[in-house]
Amino acid sequence: MSDEGTRDELLAEAVELRERGEVEQARRRLVALAADHPEDAEIAYQTAWAHDALGLEAEAVPFYERGLSGPGLSDADRRGALLGLGSTFRVLGRFTEAVDTLRRGVEEFPDDGAFRTFLAMALYNTGHHHDAIRLLLTLLAETSDDPSVRSYRRAIAHYAQDLDETETV
């Protein structure tokens, strides 16, 4: 059996453990796998995810950063790693780093509303309340399926750009 086959099998087993709710066992296996493959972005990301799932946010950060530091992640995993890292920074009170990471996510994945939502929360935490509300109102206007919101979509989008305006649109 090749090293790559072993790597793939061990990674798949660890991910399956996490998905089955055996997160601590998955985390232990992933930490060992990450030690054996320190440059492997996918393993680093999966290891970060397992730490995050256990509430070990501070321990997750270096694995997220390792996963994002070079090539090797699929678009879906890169999206997950950026969102996970940004959210983790926010949970740890590292709000400026959260904003920077989540802005990067918005730039790379502009159609992903989760990035804009988490960015709004981080902006709120940094005291940028106006920017946070603007971002959320824009997202609401663009994505809501609520019939009453849809009927006011144009006005909501307009006021999102200038919350201090009071004239009727």
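Readers should treat all values here as calculations from the given coordinates under stated rules, not as data from a laboratory. All of these numbers come straight from a predicted model, not from anything done at the bench. Quick reminder, even Gly has a Cβ in these numbers, built from the backbone with ideal geometry, and neighbours come from all protein chains shown.
If R0 equals 45 Å, the separation of the Cβ atoms of Asp131 and Asp36 corresponds to a calculated FRET efficiency of about 0.55. Let a ≥ b ≥ c be the square roots of the eigenvalues of the Cα gyration tensor of the range 88-169; is it rounded (a/c under 1.5), or, if not, prolate (a/b larger than b/c) or oblate? It comes out prolate by the Cα gyration axes.
Length gained on full extension, Ala76 to Glu165, computed as 0.36 nm times the residue gap minus the Cα-Cα distance: 28.1 nm.
Plainly put, the range 1-73 has a radius of gyration that is 0.95 times its Kirkwood radius, both from alpha-carbon atoms, as the Rg/Rh ratio. Between the range 25-67 and the range 83-141, what is the C-alpha centre distance in whole Å? That distance is 23 Å.
Of Pro147, Pro62, Pro71, the residue with the greatest mean-square motion in the GNM of the chain, using alpha carbon springs below 10 Å, is Pro147. Working from Cα pairs under 8 Å separated by at least six residues, relative contact order for the chain is 11 percent. With a simple spin-label model that places each label point 7 Å from the Cα along the Cα-to-Cβ direction, the separation between Ala53 and Ala12 comes to 1.7 nm. If you run the Gaussian network model on the chain, springs between alpha carbon atoms under 10 Å, then out of Glu42, Glu65, Glu19 the most flexible one is Glu19. What residue among Gly21, Ser69, Gln46 has its Cα farthest toward the positive end of the dipole of the range 1-73, where the charges are +1 on Lys, Arg and -1 on Asp, Glu, each on the Cβ? Farthest towards the positive end: Gly21. Each pair of Cα atoms in the chain enters the Kirkwood radius, and Stokes-Einstein at 4 °C and 1.567 mPa s then converts it into a translational diffusion coefficient of 74 µm²/s.
Taking the Cβ of Ala26 as the centre, find all other residues whose Cβ is under 13 Å away and add up their charges (Lys, Arg: +1; Asp, Glu: -1). Taking every Cβ under 13 Å from that of Ala26, the sum is -1. Extent along the principal axes, Cα only, for the range 123-169: 33, 25, 11 Å, with the longest axis given first. Summarising the label geometry, the points placed 7 Å from Cα in the beta-carbon direction at Asp100 and Glu24 lie 3.5 nm from one another.
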